[in-house]
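Structure, as structure tokens:
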Amino acid sequence: MAMLIETKTPPLKPLGKKETEVIPQATKRHYVWQVPIRLTHWVNALAIPVLFFTGLFIATPFFSPTPGEAFERFTMGHMREFHFIFGYVLLLSIAVRVYWFFVGNNYARSGFPFFWKPSWYKAVIHQMIEYMHLERGYVNIGHNSLAGCSYAGFFALCGFEGVTGLALLGEGNPGGFWDRVLGWTTPLLGGSFRVHMWHHLAAWFIILIAMFHIYIVLYDSHLYKDGLVDSIISGEKHSIEGDKDANTWIS
Amino acid sequence: MLDDKGVVKDAISSGTMWRGIEVILQGRDPRDAWAFVERICGVCTTVHALASVRAVENAVGIQVPKNADIIRNIMFLTQYVQDHVIHFYHLHALDWVDVVSALKANPAATAALAQKVSPSWPTTSPGYFADIQNTVKKFVDSGQLGIFQNAYWGHPAYKLPPEANLMAVAHYLEALQWQKEIVKIHAVFGGKNPHPNYLVGGVPVSINLNGDNAINMERLNMVHDLIVQAQGIVENLYVPDLLAIASFYPEWTKIGAGLGNYMSYGDVPQNGIGDPSKFLIPRGVILNKNLGEVLPIDHTSASEIQEQVAHSWYDYPGGTKALHPWDGITKPNYTGPKPPYQNLDENGAYSWVKAPRWKGHAMEVGPLARMLVGFASGRSDYKEVVTEALGRLKVGPEALFSTLGRTAARGLETRLAAKWLLDEYNKLIANLKAGDSSTANTTKWAPETWPEDCKGFGPSEAPRGALCHWIHIKDKKIFNYQVVVPSTWNASPKDGDGQKGAYESALLGTPMADSNKPVELMRTIHSFDPCLACATH
Amino acid sequence: MEVLERKPSTYDILRAHGVDRRTFLKFCTQSAAAIGLTSAMVPQLVAAMEKKPRIPVIWLHGLECTCCSESFIRSSHPIAQDIVLNLISLDYDDTLQAAAGFQVEEIRKKVMKDYKGEYILAVEGNAATNDNGVYCTIGGESFTNILLETAKDAKAIVAWGSCASNGCVQAAKPNPTGAKPVYKLITDKPVINVPGCPPIAEVMTGVLTYLLTFGELPELDRQGRPKMFYAQRIHDKCYRRAFFDAGMFVEAWDDEGAKKGWCLYKMGCRGPSTFNSCSTTKWNCGVSFPIQSGHGCIGCSEENFWDNGPFYQRLSNIPVPGIESTPDSIGKTLTVLSAAGIGAHLVSVVARKGVRNLTSNPEPEKSEPAENQNPENRGN
Ligand code: HEM
Ligand code: HEM
Ligand code: NFV
Ligand code: SF4
Ligand code: SF4
Ligand code: F3S
Ligand SMILES: [Mg+2]
């Protein structure tokens, strides 16, 4: 670790000043995000807002009713339909991503919270210090350890949404597949009504993570010049001398 | 405790169950409170919910629409009729009626008796009574007496001839079948019974005479027919049976008077709950059997209605003797013996019931109190039913101060309740005709519209007597909630001055034939229609 | 009415209710198993049951409001009278009982002895477990002990209502008496949970008559509830469901939608989370049910429903002490705070570093990605 800190590059140049100092420029391109990663990323990025929107509608139908006959519309029906369709889409996408965790390139596993390893804690602390200095430090080619944590949290929350969502879905068809597979989880969470509440609360946390994520990605990309935004489309990231290439099976 | 002549010398009344509903309510949404308190009791279901919504409306300042008041009155009176009839036939009659003796009855003679007692009742044929007798015979012969086991059959205190017993058994069964009909009125307006739904600001049900998803003509007709049917039961079955049975027990007009202090909060508002002068059941207090004066009640006065815990298993902060319910504290502190125990110590705390007092006096509440307050206030409708009954039993008004008087008062007010039911129904129709179909006032539904700190009280006259809920709302949540229930008054233990409660004092002086078979005590206690679940809550 | 020569036995009664001999034998076999008899003893039991009288029922009342009894007697088919006089022998019920005091306790002891392993124990209300159960005593004995004692030799246990099957109102926070439902106290026997506050009358009598008619426990779900009444949600059978799907909701009490019978979801209806048969069996001989009379379901047959409030809110508050607000208010607050945090971060970055000009970025050269795909590189 110490060695890595030594490779720290000089601070970035303040606004307005003439470019007297050398600004570190990324010089190397790496193919980091393979197709399944990028694909599932954008599927998730589409599914989450749809799920959140339809979910909020399910919770609080905000279109006010207009007079008419029930058969003329199916507003709640469609919202729920979309929610369930995108719920399945999200789960499928996550399944692909989890599979790729094991078979993909090493970047596919980068940043994952290997909390049983001391080195992981060091990496986290190091990353925090980097962020607090608002300096470039080194860039991870792959996810950094903090990003990895939030992605792991994101996937865990999605998993939770999947379990609770499908258990709720199963309530409509007692004795059916999801009821038999997941029905037992409902009493553990305090009953059906509480499951709605937890599902709803977890949805907000997913949105919070997504919000931070987008900001940090833009911030990173903008300040560190590592091509981060482009990378989730093209798959390629840029690096300079001293950036950490996490090209091992883990971390 | 009996003296050597078999007469009750001392008695204590203990409530041995407590659930802490007042404690559970703290911190909750005041609009939910009705549902919690309704579960205080399933027998007088409805009345606690009613008192609760009134308390919240009083606190935050909501005026309910006229229709809501009328529908609440209909539900309330329905509860009276149902509860009183059930009490008479299923919880009280067997203190007076010997089921086993009915086997000796002659069905033809029973039929003759029944025709005399209630001439316009359809089921009075000899064959009908023979059938009932066979049912009873089969049941008794089976050796499995079920709920009728180990009762005091054959006890010398039973005075009815076999025919009267057989008639009463038949009507026990008829009333059992009917009571499930009358409560359909609750189902229409409140969705179910027991425990129909209430709403702060009105009633949850809407009226739409041009739709079939709310109260419409079909629903109204159902209510109307159930009311008419109920009147039939009250006029042709309940009250005639009551008077017939009473005529066999004249000595019970001299036993069981008790305190002689009577209180009614009044109910069935005609101009909103804030105007007691327009209540159909009047409000007032009678002290020391003095029918010459009816005293007013102020529910908000810190010195009128108070609760004491000197002999109850609760704690008040050091030195506090009595608290007005707005400042009431419910902090359990059991000091009785560890179960299983044989006896409770009457010098210490011995009950989960608190001791409520009005200006320091112990009070009897309930049908007799209402009858007396109505009578003493000079209300002609009350006077009419009372004088007629007294005339038929050939006794004077002093007979009212007794166990039998209490039981009779319940029947007589049921006549009024059944009549008012139809009046209220007609008022509803008239109001609808006038174009008003509103059932809820939602201007103050949102807690944001409430004051930061407010207090309210919700009075009612439950079947068993004066009921009131006091609420203190702070930061839109329940800060304190206190319930003082009819059975709390009647089942009250002694207070700090050693003043007994209504049950305790009514039992004094009761002669008993056999101290192991206390049917006489049950007659007096049952005449109050005791409700433990209510009393302690 | 026909008068039988001898006392009507269980078999007589079951036969009168259309039970054939085969079912009766099955009933006996199951009863034998329930009381731990070997199959060799079944014939004796059959003989005994053919002569034995109506099934005795002990109906206990703990911490409760007596409403379940009140509901029970509202049953329209069968009517309560038929059950009590012909179907069972309701030997102990301190509410409906004609006798009182110690005579009643005597009966309970006698039934437990005479009908060891044969009686049905029906429990209404629940037991206080704090402070030696002093919050509910009967004749000086704690209800908790009475319950345990009576349950020991019961053939089957029926937990009436939400009190007995879930805990209900007295178990709502902070549960001052330590009230516990039956299944938490009696773990060595199947308990049939019949939740609801109260349960529908015909559901109660339906469960009892099923036991007697078919001679076996009805099929129970995961939570011990008879599937025949509790398998489906109110919502899935609600006649207002079309309005739910259409998105037509009551927005305020007694509004246009309320008068037209639109869906009560936005008024806090718990129908989507409540398993009960209100929307099919309905209440009071099918007259109505809460939703039909304009009020949302409050979920009265669900565990913890009292703590899932406020009732008029679509979602329960988060049951964490100190938080107690809705997921939406938590979510919104956190989102606003985070946005503020992000904004502050942005400002501090701009203040310290200035805004960089992205366009001055040169294109970096391409590296060899091949090594990354090399599985040999796996491992740390
Ligand atoms: C992963 C698969 C998911 C499934 C199967 C699923 C399923 C469900 C179901 C069945 C409901 C209840 C609908 C109803 O009661 O009619 C629901 C509600 C909801 N869902 Fe999901 N969901 C999933 C993921 C998500 C995600 C990822 C989010 C948000 C980011 C989300 C947000 C919500 C919200 C806010 C509600 C409303 C909850 C309430 O108030 O009752 N869901 N979902
Ligand atoms: C403008 C939108 C977005 C951009 C530019 C973007 C960009 C990126 C980039 C560059 C990465 C790699 C991150 C790194 O190594 O730190 C990434 C990963 C990720 N993003 Fe986004 N993202 C966007 C929106 C979203 C949204 C809406 C979500 C979900 C709600 C999301 C969820 C994720 C997840 C879970 C990962 C980890 C991917 C993996 O390892 O498979 N992103 N994103
Ligand atoms: N006491 C009492 Fe109640 C009544 N009537 C309540 O307010 O019985 Ni259950
Ligand atoms: S379940 Fe509800 S209705 Fe039944 S006794 Fe308990 S509180 Fe009363
Ligand atoms: S009223 Fe309640 S149960 Fe009926 S459809 Fe609406 S949400 Fe579902
Ligand atoms: S409140 Fe209870 S009565 Fe039925 S509709 Fe809901 S379960
Ligand atoms: Mg109180």
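Here are a few things to note about the model shown:
- Yes/no for residue C:270 being touching a Gly at 6+ places or on another chain (Cβ under 6 Å) and at negative phi: yes
- The single condition among (1) within 12 Å of chain C (Cβ to nearest Cβ); (2) in contact (Cβ under 8 Å) with a residue 12 or more places away in the chain; (3) in contact with a helix residue (DSSP H, G or I) (Cβ under 7 Å, 6 or more places away or on another chain); (4) assigned to a helix (DSSP H, G or I) that residue A:216 does not satisfy is (3).
- Selection from segment C:247-264 of residues that are aromatic (Phe, Trp, Tyr) and out of contact with any helix residue (DSSP H, G or I) (no Cβ under 6 Å at 6 or more places or on another chain): C:253
- Residue C:300 being part of a loop (DSSP other than H, G, I, E, B), open to solvent by 20 Å² or more (accessible area, probe 1.4 Å) and either farther than 23 Å from residue C:181 by Cα or in the same structural domain as residue C:237 (by TED's automatic domain parsing) (or both): no
- Some residue of segment B:465-481 being of a type in the set (S, T, N, Q) and either within 26 Å of residue B:252 (Cα to Cα) or open to solvent by less than 10 Å² (accessible area, probe 1.4 Å) (or both): no
- Qualifying positions in segment B:227-261 - of a type in the set (A, V, I, L, M, F, W, C), farther than 17 Å from residue B:403 by Cβ and surrounded by fewer than 19 Cβ atoms within 10 Å (Cβ to Cβ): B:228
- Restricting attention to segment C:129-187, the residues being open to solvent by less than 10 Å² (accessible area, probe 1.4 Å) and part of a helix (DSSP H, G or I) number 13.
- Of everything in segment C:229-259 that is within 16 Å of ligand 6 (Cβ to nearest atom) and surrounded by fewer than 16 Cβ atoms within 10 Å (Cβ to Cβ), the residue that is farthest from the other protein chains (Cβ to nearest Cβ) is C:237.
- Scan of segment A:213-236 for residues that are hydrophobic (A, V, I, L, M, F, W, C) and within 10 Å of ligand 2 (Cβ to nearest atom), ordered by number: A:214, A:216, A:217, A:218, A:228, A:229, A:232, A:233
- Taking the conditions (1) among the hydrophobic types (A, V, I, L, M, F, W, C); (2) buried (at least 22 other Cβ atoms within 10 Å of the Cβ); (3) modelled with pLDDT under 95 in turn, residue B:199 satisfies each one other than (3).
- For segment B:463-495, filtered to residues that are over 28 Å from residue B:417 (Cβ atoms) and part of a strand (DSSP E or B), the residue that is nearest to ligand 1 (Cβ to nearest atom) is B:477.
- Long-range neighbours under 7 Å by Cβ, at least six apart or interchain, first residue within 8 Å of chain B (Cβ to nearest Cβ) within segment C:53-69, second basic (Lys, Arg): C:53/C:7; C:63/B:19; C:65/B:39
- Residue within segment A:84-104 that is of a type in the set (Phe, Trp, Tyr), free of Cβ contacts under 8 Å to residues at least 60 places away in the same chain, closer than 16 Å to residue A:149 by Cα and more than 10 Å from every other protein chain (Cβ to nearest Cβ) present: yes
- Among the residues of segment C:106-122, those identified as more than 7 Å from chain B (Cβ to nearest Cβ) and crowded, with 18+ Cβ neighbours inside 10 Å are C:108, C:111, C:112, C:115, C:118, C:119, C:120, C:121, C:122.
- Every condition in (1) surrounded by fewer than 19 Cβ atoms within 10 Å (Cβ to Cβ); (2) in contact with a Gly (Cβ under 7 Å, 6 or more places away or on another chain); (3) within 14 Å of chain C (Cβ to nearest Cβ) is met by residue B:343 except one, and the failing one is (2).
- Of the residues making up segment B:210-226, those that are closer than 17 Å to residue B:74 by Cβ and open to solvent by 50 Å² or more (accessible area, probe 1.4 Å) are B:217, B:218, B:221, B:224, B:225.
- Sole exception among (1) under 30 Å from residue C:223 (Cβ atoms); (2) within 14 Å of the chain's Cα centre (by Cα) for residue A:199, by number: (2)
Okay, residues lined up against (1) surrounded by fewer than 23 Cβ atoms within 10 Å (Cβ to Cβ); (2) more than 9 Å from chain B (Cβ to nearest Cβ); (3) away from ligand 7 (no atom under 16 Å from the Cβ):
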site	(1), (2), (3)
C:263	no, yes, yes
C:276	no, yes, yes
C:283	no, no, yes
C:304	yes, yes, yes
C:312	yes, no, yes
C:317	yes, yes, yes
C:322	yes, yes, yes
C:327	yes, yes, yes
C:341	yes, yes, yes
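- Within segment A:94-144, considering residues that are under 21 Å from residue A:232 (Cβ atoms) and aliphatic (A, V, I, L, M), the one modelled with the lowest pLDDT: A:139
- Single unsatisfied condition, residue B:364 versus (1) closer than 24 Å to residue B:403 by Cα; (2) without any contact (Cβ under 8 Å) to a residue 40 or more places away in the chain: (2)
- Residue among B:498, B:458 that alone is closer than 25 Å to residue B:18 by Cβ, open to solvent by less than 50 Å² (accessible area, probe 1.4 Å) and either within 16 Å of ligand 6 (Cβ to nearest atom) or part of a strand (DSSP E or B) (or both): B:458
- Check on residue C:207, more than 13 Å from every other protein chain (Cβ to nearest Cβ), open to solvent by less than 30 Å² (accessible area, probe 1.4 Å) and in contact with a helix residue (DSSP H, G or I) (Cβ under 9 Å, 6 or more places away or on another chain): yes
- When residues in segment A:154-199 are screened for being within 16 Å of ligand 5 (Cβ to nearest atom), in a helix (DSSP H, G or I) and open to solvent by 20 Å² or more (accessible area, probe 1.4 Å), 3 of them pass.
- For segment B:430-450, the condition holds for at least one residue, the condition being that it is open to solvent by 20 Å² or more (accessible area, probe 1.4 Å), at positive phi and away from ligand 5 (no atom under 16 Å from the Cβ).
- Once segment B:122-148 is narrowed to residues that are more than 7 Å from chain C (Cβ to nearest Cβ) and not in a helix (DSSP H, G or I), the residue that is farthest from the chain's Cα centre (by Cα) is B:125.
The values are calculated or read from the model by the stated rules, or taken from the named source; none is laboratory data. Predicted, not measured: the structure shown is a model, and the values here were computed from it. Backbone-built Cβ (ideal geometry, glycine too); neighbour counts: all protein chains shown. Just the protein is used for accessible areas: all its heavy atoms, side chains included, with ligands, DNA and RNA removed. Shrake-Rupley method; radii C 1.70, N 1.55, O 1.52, S 1.80 Å.
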